[in-house]
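The values are calculated or read from the model by the stated rules, or taken from the named source; none is laboratory data. Computed from a prediction, not measured in an experiment: that's the story for all the values here. Here the Cβ positions follow ideal geometry from the backbone for every residue, glycine too, while neighbour counts run over all protein chains shown.
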Amino acid sequence: MDRTVADPLIGRVLDGRYRVGPRIARGGMATVYEATDLRLDRVCALKVMHSGLGDDDDFAGRFVREAHSAARLSHPNVVGVFDQGDDNGTLFLAMEYVPGHTLRDLLRKEAPMAPAKALALLDPILSALAAAHAAGMIHRDVKPENVLLAEDGRVKVADFGLARAVSAETQHTATGGVLIGTVSYLSPELVVDGRADARSDVYAAGVVLYEMLTGRKPHEGDSPIQVAYKHVHEDVPPPSEAVPGIPAYVDALVARATARDRELRPADARVLLHQVRRVRAALDHGVLDDPDLTADLSPTVPVRDRDDIDYVRDEERDHEDTAVIAGAIGANGLAGGAGTRLPQTRPSRPAPAGAGKPPAPRPVTGPRRSRRGPILLALVLLLAVAAGVGGWWFGAGRYVTTPGVVDLTSAQARAKVEAVGLHYTVGKRAYSETVAAGSVIGTDPAGGEKILHGGTVAAVLSRGPERYQVPALRGMTVAAAQTAVEKSHLSFGTPTERFDAKVAAGHVLSSDPKPGLEVKPGTTVSVVVSKGPRPVTVPDFTGKNGADAVAALKKLGFTIDLSRSNSDTVPAGDVISQSPHSGTLFKGDTVALDVSKGPVMVQVPDVVQMGTADATAALQAAGFKVQTTHSNLYVGLEYVVGQDPSGGSMAPKGSTVTLSLV
């Protein structure tokens, strides 16, 4: 599309907030422009309802409902809706701007695609539809033109303008509702009675998959009505018929999604997404034939007799791009209005007598004289004079047409404007993703508008793509980092956490994108936040070898506070006690160990030849226990003739000395 065509909306500010830029696309109900949100200073897409449609309450109501419905969806694969407004009768939506191209563009270049690539593209489409179905909404217009492929690889489903909340109020029957959709992707039930549910979106997604696999639509005809007829009466053929080599289970997946009986289709996009991922897994593992998977996916479609169904043609849209098919279609013929019956596969019911015949012409009885000729001649002459005067007053005499200068440099625009007798000035500068810095985004008045000779044209110059530098966040608290990111016109992502011994807990370790990188406004900056040092579990070495305990604790990064004590119960070299003996610490923290030196050693007194009472007293005074035995020569004298351990030796304090008596 020529984005430089003169358009009265370009350069205009809607609702005091959105400056309209170049045109992006035009549809049957609205035109989409690139725009600048002056309040948030960001680029967005502005969908503006065509002039005149806003006067129709039904169209206006549908347009407003589009905003309410689409705004409820928050999903990475759905084009976000920011705002909805009415500028003196000009209805518009402000939406997420997704630079890139559509799936239709990709199909023209790359179809037919390999099954793996086609399913990889279908996966995010179904994810978006699954989110809508979970919210009780249906899209109703799934087609390649509504799938946006961003420059960064994201896949976004756009235009939920036809989506309606599933409710009794919006489940149209064939009694006067209007069905809106694109005929190549319409499900049989939408053609027959205008009723849609999540399975209608599943059918359309299956047709899109067929088109990606084969490079063509499954049903084609000379008119939308013929295509609609085939949707009702003919199954979608297996993709392998057009592209040999496609696995049978891929054929079965397409057949399941596009079953004419909606009861045989997946219940919603979430179920179809599960089946798609099963097929992708088989492809990823190089499986060429999987009879079980094929059997699981293959539908059993019963023969259905619908040859007596009549269809109403929209006379203004006799092409395949977008069809508006009357919802009042029933099994008993036309439900009102002029219509066209599709070719029948068997003889149809006879038409009533006289039906379809043109009215007979009125007979001509001869020439009739009219007195209107002179009056008309005088009227034409009067209008010619008025046109001459008006041509001077409103035309070249006083007014000139503002030249179109969008995308020209400021110098080129000045030359072109001044060449027709107008003054040129630079009004302001604004960001643009598509117009080079220093070139003209729009003018006031816009190109093509009339302006008094000698008037002034104010140009809006591009500042180039809007980019902001990612701030350095390392060491900041999370709150400070969020403030810094938002001041840079960026979006703060959900923080993730990681242990780190160098940065304090609660402070930022790193960011993605990296600091200093220039990115688009609204880009999400994700941060990694420190959880502080990683805690280390303290093992308990009480009663174990002290040297081994010291080595193990040092290896874990702890500092050792080592002491040694005598112990009558813990062998020398083993750990008597440890503090702390359990729980967690951090590297560098201290663990206290008390290692046994064994019991206290005392010299044993020599008590041989002493009486029993004196010997016992001496040993007990030295800290020993005493035990007596009778020698073989015992005669009752109660004198010590031997001791164990012997006098003068060293023994643990508190140990027992045995005395031998005579």
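Hey, could you check the stretch 569-593 for residues that are assigned to a loop (DSSP other than H, G, I, E, B) and over 58 Å from the mean Cα position of the chain (by Cα) and say which is surrounded by the fewest Cβ atoms within 10 Å (Cβ to Cβ)? Among residues in the stretch 569-593 that are assigned to a loop (DSSP other than H, G, I, E, B) and over 58 Å from the mean Cα position of the chain (by Cα), the one surrounded by the fewest Cβ atoms within 10 Å (Cβ to Cβ) is Thr569.
For the stretch 187-220, which residues satisfy the criterion of being at negative phi and not in a helix (DSSP H, G or I)? Result: Ser187, Arg195, Ala196, Asp197, Arg216, Lys217, Pro218, His219, Glu220. Just one of the listed residues (Ala248, Ala174) is out of contact with any Lys or Arg (no Cβ under 6 Å at 6 or more places or on another chain), modelled with pLDDT under 95 and more than 16 Å from Asp141 (Cα to Cα), and it is Ala174. So is Ala384 more than 28 Å from Leu38 (Cβ to Cβ), modelled with pLDDT of 90 or more and surrounded by fewer than 19 Cβ atoms within 10 Å (Cβ to Cβ) or not? No, not satisfied.
One line per residue, one yes/no per condition, for (1) farther than 16 Å from Phe160 by Cα; (2) of a type in the set (Phe, Trp, Tyr); (3) in a helix (DSSP H, G or I); (4) in contact with a strand residue (DSSP E or B) (Cβ under 9 Å, 6 or more places away or on another chain):
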position	(1), (2), (3), (4)
Phe82	no, yes, no, yes
Phe92	no, yes, no, yes
Val98	no, no, no, yes
Leu106	yes, no, yes, yes
Pro112	yes, no, no, no
Leu119	yes, no, yes, no
Asp123	yes, no, yes, yes
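Using the structure shown, decide if Pro237 is free of Cβ contacts under 8 Å to residues at least 60 places away in the same chain and touching a Pro at 6+ places or on another chain (Cβ under 8 Å). Considered against the rule, which asks whether it is free of Cβ contacts under 8 Å to residues at least 60 places away in the same chain and touching a Pro at 6+ places or on another chain (Cβ under 8 Å), Pro237 comes out as yes. Taking the condition over 18 Å from Ala120 (Cβ atoms), basic (Lys, Arg) and either modelled with pLDDT under 90 or over 32 Å from the mean Cα position of the chain (by Cα) (or both), does Arg313 pass? Criteria met by Arg313.
Scanning the stretch 115-126 for residues that are among the charged types (D, E, K, R), over 12 Å from Asn77 (Cα atoms) and surrounded by fewer than 21 Cβ atoms within 10 Å (Cβ to Cβ) turns up at least one hit. Does Ala70 fit the bill of being outside any loop (DSSP other than H, G, I, E, B) and modelled with pLDDT under 85? Yes: the conditions hold for Ala70. Can you say whether Ser646 is closer than 30 Å to Leu556 by Cβ, of a type outside the set (A, V, I, L, M) and touching a residue at least 40 places away in the same chain (Cβ under 8 Å), as far as the supplied structure shows? When the stated conditions are applied, Ser646 does not pass them.
Selection of the stretch 466-480 for residues being modelled with pLDDT of 90 or more, part of a loop (DSSP other than H, G, I, E, B), of a type outside the set (A, V, I, L, M) and buried (at least 17 other Cβ atoms within 10 Å of the Cβ) yields only Pro471.
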